[in-house]
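Enquirer: I'd like to ask you about the structure that follows.
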Amino acid sequence: MKRIISFLIVLTMVSALSLSLASCGKEEESTIETRATYTRDLEGTVLNVYNWAEYISDGSEDSLDVNAEFEKLTGIKVNYSMYESNEVMYSKLKSGSVSYDVIIPSDYMIERLKNENMLKEVDFSKITNYDLIDSRYKGLYYDPDQKYSAAYNVGYLGLIYNPTMVDETPDSWGIMWNEKYKDQVLNIDNPRDGFLIAQVMAGVDVNSENTADWDKAGELLRTLDKNIQGYVMDQVFNKMEQGNAAIAPYYAGDFLTMKEENEDLEMVYPKEGTNIFVDAVCIPDTAKNYEAALMYMNFLLEPEIALANAEYIRYASPNTSVLTNPDYSLADNEYLYPKNIDEIKSFYYHDLSPETLKYYEELWQKIKSE
């Protein structure tokens, strides 16, 4: 009898739990106001997205959870993965071991992927929000016929410094070589950006295919080594925020995060020139859920979604609806949108030959290890 009663109790509990789960599992509707129309025709399918870390508004710190809103709106499950560099993403795609439906690479990597037939053409008739992208970021060198990408973020490499540790107001990358700042200078642990600093100082083309040009920049980097405290990527945040280093090249959007923690920090765009980059949404050739990828691309361009991403990521937005939105807190930010933007000397990185890529990557590693 006890077993029957126990069974009935368990059965009642399971039934109650099932009802509770059913109630909790009820489809929650998205509250996003959209320009485009989204269907649930692909409900239950999976969309594999591969993006940079910390590169989408994810619901943390009271931000909007972009992927969750897309799931509510379409019923499509977003399987979201992150990478730390364009090269890591490229290697993963090239290996063929995984399949992604959406990626967000940088301009020069888009050029490489396009040249190697690793991207699908985008059906822009279904990207109805594409008219919101500023014309300055359409038809650029990496996608001149505008077939493969939609701009997502724009940024510059800047020179960050701590005025409490640096005597002058720098306007040149040359301050990194100043002996006064021995062991107080960080260099970015990214060969393309690291070489750019020496290339523009030496007057060398940042997209040169001539190994002698890379050697010239390499020799200049070797003379910088005596001042270098370390090569960093994400470690730059703690070091600059805590005042453990005086000078570091890094990206303007990330500088804003550092400045929040240490208001003394400042940033300039050096007179010799710097890198301007555009990261854009693309669909790999191996994508298995193409229609869902188009829907997701269009969704990322929605005014409310683009605004949430711009506020969270804190890079410059190529979406005109963001810049005209009165709620956009960074619209007047002088670091993201400098008033003298047309005066800043800037260079896009282009895809280089495999031989040149191999040459400068090996040279970079050699310089770091010396």
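Enquirer: Stokes-Einstein at 4 °C, 1.567 mPa s, Kirkwood radius from Cα pairs: D for the chain in µm² s⁻¹?
Expert: Calculated translational D: 57 µm²/s.
Enquirer: If you don't mind, another one. Considering only V206, V98, T164, whose Cα is most displaced toward the positive end of the charge dipole of segment 97-216, charges sitting on Cβ of Lys, Arg (+1) and Asp, Glu (-1)?
Expert: V98
Enquirer: Report Rg(Cα)/(2.2 N^0.38 Å) for segment 116-268, keeping two decimals.
Expert: 1.26
Enquirer: Can you say what percent of the DSSP beta bridges in segment 41-83, counting only those with both residues inside, are antiparallel? Round to 5.
Expert: About 10 percent, rounded to the nearest 5.
Enquirer: Still on this structure, I have one more. What does DSSP give for the chain in terms of the percent of beta bridges that are antiparallel, rounded to the nearest 5?
Expert: DSSP beta bridges in the chain are roughly 55 percent antiparallel.
Enquirer: Quick one: putting +1 on the C-beta of Lys and Arg, -1 on the C-beta of Asp and Glu, what dipole do you get for segment 289-353 around its Cα centre, in Debye to the nearest 20?
Expert: 160
Enquirer: Same structure again: Using +1 on the beta carbon of Lys and Arg, -1 on that of Asp and Glu, and nothing else charged, what's the dipole of segment 65-122 about the Cα centre, debye to 20?
Expert: 220
Enquirer: Ok, one more. Distance check, please: which entries in K120/K358; K226/K259; K120/K339; K72/K120; K126/K259 exceed 29 angstrom between their Cα atoms?
Expert: Correct reply: K120/K339; K126/K259.
Enquirer: In debye, nearest 20, what is the charge dipole magnitude of the chain about its Cα centre with +1 on Lys and Arg Cβ and -1 on Asp and Glu Cβ, if you could check?
Expert: The dipole magnitude comes to about 1160 debye.
Enquirer: Under 16 Å from the Cα of K216, which aspartates and glutamates turn up, not counting those fewer than eight places away in the same chain?
Expert: Qualifying aspartates and glutamates at Cα under 16 Å: D193, D205, D225, E361, E362.
Enquirer: Which net charge results when you count Lys and Arg as +1 and Asp and Glu as -1 among the other residues whose beta-carbon is under 11 Å from that of L357?
Expert: With Lys, Arg at +1 and Asp, Glu at -1, the net is -3.
Enquirer: What helices does the chain have that are whole DSSP H segments, at least 27 Å long along their own axis by Cα, and with mean Kyte-Doolittle hydropathy of -1.0 or more?
Expert: Helices passing the filter in the chain: 2-24.
Enquirer: Would you mind ranking W177, W52 by Cβ crowding within 10 Å, fewest neighbours first?
Expert: Going from least to most buried by this count: W177, W52.
Enquirer: Follow-up. Helix-derived [θ] at 222 nm for the chain: sum -39500 (n - 2.57) over DSSP H runs of at least 4, divide by residue count, nearest 500?
Expert: -11000 deg cm²/dmol
Enquirer: To make sure I understand the rule: partners must be aspartates and glutamates, Cα under 17 Å from the Cα of K239, and not fewer than 8 residues away in the same chain. Which ones qualify?
Expert: Candidates past the 8-residue exclusion: D183, D189, D254, E260, E261, E263, D264, E266.
Enquirer: Over what distance in Å are the Cα centres of segment 273-310 and segment 239-253 separated?
Expert: 29
Enquirer: Can I ask one more? Pull up the cross-link candidates among the aspartates and glutamates for K114, meaning alpha carbon to alpha carbon under 14 Å and not fewer than 8 places away within one chain.
Expert: Within the straight-line limit of under 14 Å, K114 reaches these aspartates and glutamates: D143, D145, D285, D351.
Values quoted throughout were computed directly from the atomic coordinates according to the rules given, and no laboratory measurement underlies them. Being a predicted model, the structure only gives us computed values, none of them experimental. So basically every Cβ, Gly included, is an ideal-geometry build from the backbone, and we count neighbours across all protein chains shown.
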